[in-house]
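Scroll down for the structure; my scribbles are underneath it.
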Amino acid sequence: MVGMISSWKIPVCFACLLVVVQAIVLHLFGQPWVSKTHALMLWAGDVHSAENSQQLTDWYTFSHIIHGFIFYMALWYFFPRLTLWQWLALAVGIEAAWEITENTPMVINHYREQALAQGYVGDSIINSVSDTCAMVVGFLAAWRLPILATIAIGIFFELWTGYWIHDCLTLNVIGLFWTPDFIAKWQQS
């Protein structure tokens with residue numbers, strides 16, 4: 001029992017340290033800790049509002065849960081000898097690195113060129129940390145759920161957010177490299 005308990009302590013403490021580093025780096029980038037325009041909210045549901053990417057959760061939280069699904073499956077496949085907790089620390093490191101990258105001026109400006117993110121100013125630190133926590137929720141769900149259930153939930157989240165806000169993880173990834181005109185027009189409607 002003692003070995004099992006100690007086997008999770010170092011990776012989980014490292015993962016927590018990575019989230020602290022994520023928050024500090026975003027602070028150094030000049031990102032606000034919380035929304036500058038509104039009190040802290042649990043959910044910001046209007047992707048066109050100034051509260052998008054500023055509050056605890058928003059429509060993009062579902063994409064971060066899917067990140068957790070993907071990271072769990074990829075780490076399980078490519079690094080079978082590592083423990084669950086080591087996979088989790090790696091997943092948090094990947095997510096924190098993305099959250100930092102996402103809030104660089106280059107990526108913020110790139111997002112602003114897209115239909116849905118024209119007023120995007122980056123994430124508040126609370127939103128960014130919450131996104132990393134959502135990834136952890138997805139990661140742990142993928143660990144506990146059958147693989148087909150995880151895939152089904154991921155597809156559901158993609159279709160659901162795609163329907164409601166005309167954006168999802170797939171479109172976000174495509175948009176980082178190229179946005180076809182028909183997608184841009186659909187997202188503006």
Please say if the stretch 79-189 is rounded, prolate or oblate, where rounded means a/c under 1.5 for a ≥ b ≥ c the square roots of the C-alpha gyration tensor eigenvalues, and otherwise the choice is prolate for a/b larger than b/c and oblate otherwise? oblate
Other-chain or far-sequence residues with amide H under 5 Å of ASP58's (modelled H): ALA44
When the Kirkwood hydrodynamic radius is evaluated over all pairs of different C-alpha atoms of the stretch 107-171, what value in angstrom, to one decimal, is obtained? 13.7 Å
I need the helices of the chain that pass two filters: whole DSSP H segments spanning 15 Å or more by Cα along the axis, and mean Kyte-Doolittle score no lower than 0.0. 2-28, 61-78, 84-102, 125-144, 147-165
Taking max minus min of the Cα coordinates of the stretch 1-105 on each principal axis, largest first, gives extents in Å of 48, 28, 25
Arranged from highest to lowest average of other beta-carbon atoms within 10 Å per residue, in what order do the peptides 145-152, 161-168, 57-64 appear? 57-64, 161-168, 145-152
Would you compute, for the Cα atoms of the chain, the largest minus smallest coordinate along each principal axis and list the three values in descending order, in whole Å? 55, 38, 28
Percent relative contact order of the stretch 58-189, based on C-alpha pairs within less than 8 angstrom and at least six residues apart? 39 percent
Sum -39500 (n - 2.57) across every DSSP H segment of at least 4 residues in the chain, then divide by the residue count to get the 222 nm mean residue ellipticity, nearest 500. -22500 deg cm²/dmol
Ascending count of other beta-carbon atoms within 10 Å, so fewest first, for MET106, MET73: MET106, MET73
Dipole in debye (nearest 20) - the stretch 58-189, about Cα centre, beta carbon charges: Lys, Arg +1; Asp, Glu -1: 340 debye
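Coordinate-derived values only; no laboratory data. This one's a predicted model, so the numbers in the text were calculated from it and none came from an experiment. Please note: Cβ atoms are built from the backbone with ideal geometry, for glycine as well, and neighbour counts cover all protein chains shown.
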